[in-house]
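Remarks on the structure that follows.
The values are calculated or read from the model by the stated rules, or taken from the named source; none is laboratory data. These numbers come from a predicted model, not from an experiment. Note that each Cβ is placed from the backbone with ideal geometry, even for glycine, and that neighbours are counted across all protein chains shown. Only protein heavy atoms, including side chains, enter the accessible area calculation; ligands, DNA and RNA are left aside. Shrake-Rupley method; radii C 1.70, N 1.55, O 1.52, S 1.80 Å.
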Amino acid sequence: MMNHDVAPLSVLYIGGTGTISASCVRLSVETGMTVSVLNRGRNSAGRDLPESVIGITGDVTDDESLLAALGEQRFDVVVNFLSFDAEDAERMVRLFTGRTKHYVHISTASLYGKPVLMTPIDESTQLHNRFTEYSRKKLDAEHVLNRAYAEQAFPVTIVRPSHTYDDANPPLPGGWTVFERIARGDEMVVHGDGTSLWTLTHAEDFAQGLVGLLGNPRAIGEAFHITGDETYTWDQIYTLIADALEVEARLVHIPSEMISVAAPDWFWSELLTGDLTHSAVFDNSKLRRFVPGFNPRLTFHRAVLRMVQWRQANPETTQADAATDAIFDRLVEGYHKASEVYAALAPRDE
């Protein structure tokens with residue numbers, strides 16, 4: 001783990017038990033911060049938090065509940081993982097003006113324009129996403145916060161994670177269902193031809209960058225993405241999982257737009273078309289200027305072994321989802337039918 005200087009800050013995490021936020025909470029405590037976590041009191045994945053964390057129960061979507069939970073408390077830093085659109089952002093500006101010296105909004109790197117016209121992606125890359133509603137709403141939230149900074153000096157920093165995972169949440173369209181299918185020896189769908197480049201970031205590595213930014217007055221008014229430095233093809237990602245499970249990967253490739261046609265209501269369909277199908281390689285130079293010690297340490301081929309261990313230790317939360325499994329079965333069936341159609345188009349000897 002990266003060595004941070006001790007920082008005796010009071011930090012409020014809104015969220016705090018999720019894929020990314022739990023690792024940030026742990027590292028904040030390790031670096032001497034007094035950490036409070038505000039959420040509805042749920043921790044469905046069972047991620048452990050340090051005993052010193054102060055739990056605050058409240059509904060961040062309800063002003064009355066949030067204000068009652070916070071009382072008169074003030075914080076050096078507020079980190080919000082649960083703000084998703086312009087309305088959320090406007091409420092946060094209103095509620096936290098005067099309550100914190102530094103407000104960190106967790107946005108998303110999926111709002112960088114796709115397809116990317118130049119690589120690597122840096123913070124000057126154009127911001128738009130014509131495919132994915134989630135990304136457009138996150139961009140609307142950024143606009144609100146940037147305006148609040150420009151017009152009233154609201155002390156905001158914007159942080160954009162890319163595809164971030166931890167031991168309890170594999171970075172795959174379909175999650176643990178993918179692990180189960182590969183372990184069973186079933187055919188597994190890979191979008192596109194499996195060769196586009198994708199950046200994966202373990203939450204513990206993301207936490208290095210985020211915690212290093214907390215309380216830094218020079219970070220106010222700035223935006224950063226925080227990602228790992230390794231890129232993989234999607235075929236490599238699925239094959240590394242199979243290797244960790246000690247089985248052979250049986251991969252079938254389907255164009256992303258055809259996945260959307262066959263499974264229009266699947267959560268991942270829109271994200272595949274609007275984000276994951278495009279190569280994404282990031283330049284973290286700006287982050288390193290502000291957090292010089294940022295040094296991602298977890299390679300995916302090692303991290304996937306930790307996911308296998310988590311799966312073995314937590315069978316109740318890592319089972320295949322029946323509905324997702326059925327979608328994959330349907331897509332595999334479509335792949336073979338399409339292969340038959342194309343085989344029939346091949347010229348035949350007279």
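Structural remarks
- Condition check for W268: out of contact with any Phe, Trp or Tyr (no Cβ under 7 Å at 6 or more places or on another chain) and either of a type in the set (G, A, S) or within 21 Å of A320 (Cβ to Cβ) (or both): yes
- Of residues in region 174-223 being in a loop (DSSP other than H, G, I, E, B) and hydroxyl-bearing (S, T, Y), the one surrounded by the most Cβ atoms within 10 Å (Cβ to Cβ): S196
- Residue check for L82: within 17 Å of the chain's Cα centre (by Cα) and modelled with pLDDT of 90 or more: yes
- Selection status of R311, within 14 Å of D166 (Cβ to Cβ), out of contact with any strand residue (DSSP E or B) (no Cβ under 9 Å at 6 or more places or on another chain) and loosely packed, with under 15 Cβ neighbours inside 10 Å: no
- Of all the residues in region 232-243, those that are within 21 Å of the chain's Cα centre (by Cα) and either free of Cβ contacts under 8 Å to residues at least 24 places away in the same chain or open to solvent by 50 Å² or more (accessible area, probe 1.4 Å) (or both) number 1.
Residue-by-condition table, conditions (1) at pLDDT 95 or above; (2) more than 30 Å from Q319 (Cα to Cα); (3) open to solvent by less than 30 Å² (accessible area, probe 1.4 Å):
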| position | (1), (2), (3) |
| --- | --- |
| G18 | no, no, yes |
| L27 | yes, no, yes |
| S36 | yes, yes, yes |
| G41 | no, no, no |
| L49 | no, no, no |
| T57 | no, no, no |
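- Unmet requirement for Y342, which otherwise passes all of (1) closer than 26 Å to Q208 by Cα; (2) assigned to a helix (DSSP H, G or I); (3) open to solvent by 60 Å² or more (accessible area, probe 1.4 Å): (1)
- Taking the numbered list (1) open to solvent by less than 80 Å² (accessible area, probe 1.4 Å); (2) under 21 Å from N284 (Cα atoms); (3) among the hydrophobic types (A, V, I, L, M, F, W, C) in turn, M118 passes all entries but (1).
- Flag if D229 is out of contact with any helix residue (DSSP H, G or I) (no Cβ under 8 Å at 6 or more places or on another chain) and either open to solvent by less than 10 Å² (accessible area, probe 1.4 Å) or closer than 23 Å to T318 by Cα (or both): no
Residue by residue, here is whether (1) of a type in the set (A, V, I, L, M); (2) assigned to a helix (DSSP H, G or I); (3) surrounded by 12 or more Cβ atoms within 10 Å (Cβ to Cβ) holds:
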residue	(1), (2), (3)
P292	no, no, no
L305	yes, yes, yes
A320	yes, no, yes
A323	yes, yes, no
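- Among the residues making up region 244-286, those that are over 22 Å from M118 (Cβ atoms), surrounded by fewer than 16 Cβ atoms within 10 Å (Cβ to Cβ) and out of contact with any Gly (no Cβ under 8 Å at 6 or more places or on another chain) are E246, E257, V261, P264, D265, F267.
- Selection within region 74-98 - under 16 Å from V37 (Cβ atoms) and open to solvent by 20 Å² or more (accessible area, probe 1.4 Å): D76, F81, L82
- Counting only residues that are among the aromatic types (F, W, Y) and modelled with pLDDT under 90, region 89-133 holds 1 of them.
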